[in-house]
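First comes the structure, then the notes that go with it.
The values are calculated or read from the model by the stated rules, or taken from the named source; none is laboratory data. Owing to the predicted nature of the structure, the values given are computational and were not obtained by experimental measurement. Here the Cβ positions follow ideal geometry from the backbone for every residue, glycine too, while neighbour counts run over all protein chains shown.
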Amino acid sequence: MIYSSPRSYLRPYVFLLLGLYLVAGSFQLGLKRIAVFTILAYSIAFISEYTSTRIGIPYGVYHYTGTTHGKELFISNVPFMDSLSYSFLGYFSYSLALLIVSPVTRKGWKFELSHPPWYSKKVLFLTAILFVLQDVLIDPVSLRGSRWFLGQIYYYPVEGIYFGVTLSNFLGWFLVGLAIIYSFQKLDHQDGLV
């Protein structure tokens with residue numbers, strides 16, 4: 001079931017980050033690869049959020065309050081923008097991981113990055129760790145949405161030990177980050193999206 005409204009301005013920061021992501025990603029990965037990355041990340045994120053709100057896997061049990069119904073697009077019980085944000089959060093983590101592990105050469109005062117190891121396991125695991133580190137900041141803030149303009153959009157039935165966030169949430173983010181990047185690496189490498 002899809003719920004929508006003409007008022008889609010509830011999360012302007014998502015549109016800003018999405019725009020930056022699409023521009024940067026198009027330059028770095030190309031249009032085809034960034035489109036594939038977006039669809040892949042969104043799909044994995046939606047499934048992970050849908051199953052967590054139903055059976056608690058992979059983040060642990062949490063529920064959307066539904067207070068933003070009629071103010072933003074929902075796919076079933078999951079806000080569309082929540083799942084879509086995984087695409088740029090995953091990309092930012094992936095790009096930073098590539099930067100960190102890319103060999104650097106120096107010619108006098110000029111530094112250059114060598115071709116990054118796109119498909120390495122080091123990039124895969126570092127991306128997943130960086131993905132979780134973003135959520136270490138994001139979830140405590142968004143969980144307290146009632147204190148700012150977004151409002152309370154979700155809650156955990158059992159409060160977690162990290163500013164109300166459960167530790168299983170971070171394990172879930174690690175697993176979802178791995179799934180997104182692993183799937184992209186395999187698809188990109190095997191199907192030659194380059």
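General observations
- Some residue of the range 54-71 being over 22 Å from F15 (Cα atoms) and assigned to a helix (DSSP H, G or I): yes
- Counted residues, the range 123-153 - those being surrounded by 14 or more Cβ atoms within 10 Å (Cβ to Cβ) and not in a helix (DSSP H, G or I): 3
- Counting only residues that are out of contact with any helix residue (DSSP H, G or I) (no Cβ under 8 Å at 6 or more places or on another chain), under 28 Å from T67 (Cβ atoms) and not hydrophobic (A, V, I, L, M, F, W, C), the range 157-191 holds 4 of them.
- Under the condition of being closer than 14 Å to Y182 by Cα and free of Cβ contacts under 8 Å to residues at least 12 places away in the same chain, the residues counted in the range 101-121 number 1.
- Test: Y119 is outside any helix (DSSP H, G or I) and not hydrophobic (A, V, I, L, M, F, W, C): yes
- Residues of the range 88-100 include at least one that is loosely packed, with under 14 Cβ neighbours inside 10 Å and either free of Cβ contacts under 8 Å to residues at least 24 places away in the same chain or over 24 Å from F15 (Cβ atoms) (or both).
- Within the range 23-32, the set of residues being surrounded by fewer than 18 Cβ atoms within 10 Å (Cβ to Cβ), closer than 18 Å to L96 by Cβ and touching a Leu at 6+ places or on another chain (Cβ under 9 Å) comprises just one member, Q28.
- Annotation: of all residues in the range 72-111 being of a type in the set (G, A, S) and assigned to a loop (DSSP other than H, G, I, E, B), the one that is modelled with the highest pLDDT is S76.
- Among the residues of the range 122-141, just one is out of contact with any helix residue (DSSP H, G or I) (no Cβ under 9 Å at 6 or more places or on another chain) and either touching a residue at least 60 places away in the same chain (Cβ under 8 Å) or not hydrophobic (A, V, I, L, M, F, W, C) (or both), namely P140.
- The numbered conditions (1) modelled with pLDDT under 95; (2) part of a helix (DSSP H, G or I); (3) over 23 Å from H63 (Cβ atoms) are all true for I180 except (1).
- Any chance Y42 is free of Cβ contacts under 8 Å to residues at least 60 places away in the same chain, in contact with a helix residue (DSSP H, G or I) (Cβ under 8 Å, 6 or more places away or on another chain) and closer than 23 Å to W118 by Cα: yes
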